[in-house]
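Worksheet: the structure to be examined is printed underneath.
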Amino acid sequence: MDWKKEWKPLVLMVGIFLLLYYLPIGNQRFDNAIHEALQLVKWYAHQHVILCLIPAFFIAGAIGVFVSQTSVMKYLGTKANKFLSYSVASVSGTLLAVCSCTVLPLFAGIYWMGAGIGPASVFLYSGPAINVLAIILTARVLGIELGIARAVGAIVFSVVIGLLMHFIFRKEEEAIINAFADGIKRGVLEWKIINIEDAGNEHFEDDYQLYTQSLVIVEIRNGKQQRWKNLEKIWELVSMKEAYLHYVQEEVKSYLQGNA
């Protein structure tokens, strides 16, 4: 038995047992807290989920269907002009009356369609704070100065946060490219970013069985495709930087050695 692996589940089980064993059932304060918590959950399900979250998912779906990936990448993509992309993202939530929960499906929608992590984070942060209703209500109740301060502050802070997110995560692509710099320099490897909605690129969706942003390794010999592999595990590892980079690097190395 490997105690280094087993002690954590053991401690977790013992902790849960002790928590349940000593639950202060019958204590008025504890019982009231549980009752109020369940009442709040019920209110959230009635008022917030039905009136806010479900419409937000429909809006996110509509963005995916009716807004072209080309437009998203043109204005919010990683290769878009930084001033343009961050400016558009910071004011895009003006007409959307969303809260910090309901903006998440919208954020996921534009991010999966090709928006850079920086502009997408700007939208995520500014959306709930900059919608017209919130600004008008703030100005009406607390004064025009605070209304203006809210709008300007939301834009400025969202851009700062977006730039920080871009700075933190931009290193992933650079690390992948740098890991194979020699192969790229010798022409053995080539890194390409392709928008499947551009004219002439639509076939890639069927060729490589794509349904979202993907990383595909393709072997070309004498101008003809020999084999390909879609690295589908990148989405499982996207939040684990070291594991993500290790996975991609090992897959590419294996491909170069002809083992994939």
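Values in this text are rule-based calculations from the coordinates and carry no lab data. Keep in mind that what you see is a predicted model, and the values were worked out from it rather than measured. All Cβ positions, glycine included, derive from the backbone under ideal geometry; neighbour counts span all protein chains shown.
Here are the numbers:
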{"read-out": "Gain upon complete extension [Tyr22, Phe57; 0.36 nm per residue less C-alpha separation]", "value": "8.5 nm"}
{"read-out": "Nearest-20 debye value, the range 1-134 charge dipole, Cβ charges on Lys, Arg, Asp, Glu", "value": "400 debye"}
{"read-out": "Which of Met165, Met13, Met113 has the fewest Cβ neighbours within 10 Å, and the rest in rising order", "value": "Met13, Met165, Met113"}
{"read-out": "Nonlocal amide H pairs with Leu96, under 5 Å, H built at 1.01 Å", "value": "Val132"}
{"read-out": "For the range 54-62, 3J(HN,Hα) per residue [Karplus equation, 6.51 cos²θ - 1.76 cosθ + 1.60, θ = phi - 60°, Hz, x = Gly/Pro]", "value": "4, x, 5, 5, 5, 5, 4, x, 5"}
{"read-out": "Cut-off under 5 Å, modelled amide H: who pairs with Leu189 long-range", "value": "Ile184"}
{"read-out": "From phi via Karplus (6.51, -1.76, 1.60), per-residue ³J(HN,Hα) for the range 29-36 in Hz, x at Gly/Pro", "value": "5, 5, 4, 5, 5, 4, 4, 5"}
{"read-out": "FRET efficiency estimate (nearest 0.05) - Cβ-Cβ, Ile144 to Ser100, R0 35 angstrom", "value": "0.90"}
{"read-out": "Tyr208-Met13 pseudo-label distance in nm [points 7 Å out on the Cα-to-Cβ vector]", "value": "4.5 nm"}
{"read-out": "Shape category assigned to the range 23-137 from the gyration tensor of Cα positions, a/c cut at 1.5", "value": "prolate"}
{"read-out": "Under Karplus coefficients 6.51, -1.76 and 1.60, residue-wise ³J(HN,Hα) of the range 98-109 in Hz, glycine/proline x", "value": "10, 9, 5, 8, 6, 6, 4, x, 5, 4, 4, x"}
{"read-out": "Cα-projected label distance for Gln249 with Phe157, points at 7 Å along beta-carbon direction, nm", "value": "3.8 nm"}
{"read-out": "Unit charges on C-beta of K, R, D, E only; dipole of the range 216-258, Debye", "value": "260 debye"}
